[in-house]
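Following: one structure in C-alpha cells, then a few remarks.
The values are calculated or read from the model by the stated rules, or taken from the named source; none is laboratory data. Quick caveat, the model's predicted, so the values are computed rather than measured. All Cβ positions, even for glycine, are placed from backbone atoms using ideal geometry, and neighbour counts span all protein chains on display. Keep in mind that these areas ignore ligands, DNA and RNA; they rest on the heavy atoms of the full protein, side chains included. Shrake-Rupley method; radii C 1.70, N 1.55, O 1.52, S 1.80 Å.
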Amino acid sequence: MFGSHHTFGADLERWKCVTDWPLAIAALIFLFAYAWQVIGDLDGGLRTVTEWTMNVTWAIFLVDYVVSILLAHPRWRWFYTHLLDLAMVLLPMARPLRLLRLITLLRVLQRTAGAALRGKILVYVIGTVGLLVLVGSLAILDAERGQPGSSIETYGDAIWWSIVTITTVGYGDLTTATLTGRLVAVALMAGGITLISTVTGTLASWIVERIHQVDEDNQAATRAQFRELERKIDRLLAVQAASTEDTTDAVLAPAPQVAAEQASAPKTTAQAPAQKRQ
C-alpha cells in the first residue's frame, strides 16, 4: 500500500529504486494523454492516439505489479498491503478511476523527500495539492459532463469544484449527479484531510525535534560548565595542598639559631667533666 513501511526483500527494494522514476514518467505521460482527451473532448483519430497511449502506460504498471509480487517475500503480505496497486491495474475501464495510477507520483515524492520532508514541506504540500486538484478536476469533468442533473460542464467548473471539495468547504453551487462523481468527491475530501493531517504532524514533529535539540544543547553546555568548574576546583585544591605542605615543613623545621645551639650543646657538656678533673 502507498506509504507502507514494511520491507519485502532486497530484490524488491532494488526493483523499486530502479523503477520509481520510470513509473512516475509513465504516469505523467498518462496524465497528459488523459487531460488532452478530457479537456479537448476528443474523438476520431486523436482519441484513438490518447487511448493507445493510456493503454501502453497501463501495461507498464501491470508489468511492474507482476514483477513486484514475484520478488516480494512474503508474497501474501505484500499482496494485501498493496491493494491500491492492484486497483491501479485492475480498473483500466473505469475511466476516471484510471487516475489512481498517478498515486505513483505521490509515492515518488514521498520516497525522494524521505527524512528531508520537514525541510521541503512547502514544496511537498504545493506539489501534492496541485496534483490532487488537477486529477480531481479531470476525473469529475470526465464523469459529470453531459450527465442529466449535473452542473459541471466546463473545466473551469471542475477546477472550482475540486478546490472547494479538497478544502472540505463545499459551497454547494456545483454538485455531482453520478456515482463516479461522488466517489471522486469522497477521494478528494479524504486526500485533503490526509494532507492537512500530514502537514500538521510534520510541523509538530519538527517543533518537538527542535525543542529536544535545544534541550540537548543546553544540557551539553551545562555539562561543559560543570567540567570546567571541576577543573578549577581541582586546581584550587592542588594549590591549597601545596601551600599547606610548605607551611607544615616550615613549622616543623628548626630555626637556624636553635639548630646552631643544638649543635654546640654536646661540646659544652663534654668539656664540663674535663674541667672538673683539672
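Results for (1) at pLDDT 90 or above; (2) open to solvent by less than 70 Å² (accessible area, probe 1.4 Å), shown as yes or no for each residue.
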{"position": "Leu28", "(1), (2)": "no, no"}
{"position": "Leu31", "(1), (2)": "no, yes"}
{"position": "Tyr34", "(1), (2)": "no, yes"}
{"position": "Asp43", "(1), (2)": "no, no"}
{"position": "Val67", "(1), (2)": "yes, yes"}
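Name the single residue that is least open to solvent (accessible area, probe 1.4 Å) among those in region 156-169 being over 19 Å from Ile193 (Cα atoms) and in contact (Cβ under 8 Å) with a residue 12 or more places away in the chain. Show your work before the answer.
Start the filter on region 156-169 by keeping residues that are over 19 Å from Ile193 (Cα atoms), which leaves 156-158.
Of the ones still in play, those that are also in contact (Cβ under 8 Å) with a residue 12 or more places away in the chain are 157-158.
Values: Asp157: 48, Ala158: 0 Å².
Per the stated criteria, the residue is Ala158.
Tell me, please, whether a residue that is in contact with a Leu (Cβ under 7 Å, 6 or more places away or on another chain), farther than 25 Å from Glu13 by Cβ and not in a helix (DSSP H, G or I) can be found in region 79-95.
yes
Does Gly170 meet the test of being small (Gly, Ala, Ser) and either modelled with pLDDT of 75 or more or in a helix (DSSP H, G or I) (or both)?
Values: small (Gly, Ala, Ser): yes; either modelled with pLDDT of 75 or more or in a helix (DSSP H, G or I) (or both): no.
Taking the combined requirement at face value, the residue does not satisfy it.
Considering only region 137-155, state which residues are part of a helix (DSSP H, G or I) and open to solvent by 50 Å² or more (accessible area, probe 1.4 Å).
Selection gives Tyr155 alone.
Is it the case that Thr176 is assigned to a helix (DSSP H, G or I) and open to solvent by less than 50 Å² (accessible area, probe 1.4 Å)? It would help to see each step written out before you state the result.
Numbers: assigned to a helix (DSSP H, G or I): no; open to solvent by less than 50 Å² (accessible area, probe 1.4 Å): yes.
Taking the combined requirement at face value, the residue does not satisfy it.
Restricting to region 166-186, count the residues that are hydrophobic (A, V, I, L, M, F, W, C) and over 14 Å from Asp142 (Cβ atoms). Quick ask: steps written out before the conclusion?
Filtering region 166-186 for residues hydrophobic (A, V, I, L, M, F, W, C) gives 166, 169, 174, 177, 179, 183-186.
Next, from what is left, pick out any that are over 14 Å from Asp142 (Cβ atoms): 166, 169, 174, 186.
So the answer is 4.
Read through the list (1) open to solvent by 70 Å² or more (accessible area, probe 1.4 Å); (2) farther than 23 Å from Ala24 by Cα, then give the number of the only condition that Ile126 fails.
So Ile126 meets the others, but not (2).
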